[in-house]
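Engineer: Submitted below is the structure of interest, expressed as structure tokens.
The values are calculated or read from the model by the stated rules, or taken from the named source; none is laboratory data. Small disclaimer: the values here were computed from a predicted structure and weren't measured. Every residue, glycine among them, receives a Cβ derived from its backbone with ideal geometry; neighbour counts consider all protein chains shown.
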Amino acid sequence: MKQNYEIEVDCANCAAKMERATKEVSGVKGAVINFIMQQLTVEFEEGADIKAVMAAVVKACKKVEPDCEIEC
């Protein structure tokens, strides 16, 4: 299952780092950040707890870019 989330990030390089960090989170099958559209698309593994996975995604992204915002 794929879901889109609005994000706020100021730097394309930071967005790329956030994308890599998201892909490393358990329960995430794939992820793409569109910097221009300020959108994060996450594909979840089957049976994943989406709320728990997104909490981990937010935490991982905040480590990369503390000022980023992800609307879950």
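Each row is one residue, and each column tells you yes or no for (1) surrounded by fewer than 14 Cβ atoms within 10 Å (Cβ to Cβ); (2) assigned to a loop (DSSP other than H, G, I, E, B).
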site	(1), (2)
21	no, no
37	yes, yes
47	yes, yes
52	yes, no
55	yes, no
59	yes, no
63	yes, no
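Engineer: Only residues in the stretch 1-29 that are over 20 Å from residue 67 (Cβ atoms) and in contact (Cβ under 8 Å) with a residue 12 or more places away in the chain count as the first member; pair them with residues that are surrounded by fewer than 20 Cβ atoms within 10 Å (Cβ to Cβ) and small (Gly, Ala, Ser), Cβ under 8 angstrom, at least 6 apart or cross-chain, and list the lot.
Structural biologist: That search, which allows pairs on different chains as well, returns 24/60; 26/56; 27/48; 27/52; 27/56; 28/48.
Engineer: Can I ask one more? Can you tell me which of (1) in contact (Cβ under 8 Å) with a residue 24 or more places away in the chain; (2) at positive phi is the one residue 35 doesn't meet?
Structural biologist: (2)
Engineer: Taking residue 13 and the conditions (1) assigned to a loop (DSSP other than H, G, I, E, B); (2) at negative phi; (3) at pLDDT 95 or above, which numbered condition does it fall short on, given that it satisfies the others?
Structural biologist: (1)
Engineer: Take the stretch 36-55 and flag every residue that is within 14 Å of residue 70 (Cα to Cα) and of a type outside the set (A, V, I, L, M, F, W, C).
Structural biologist: Correct list: 38, 39, 41, 51.
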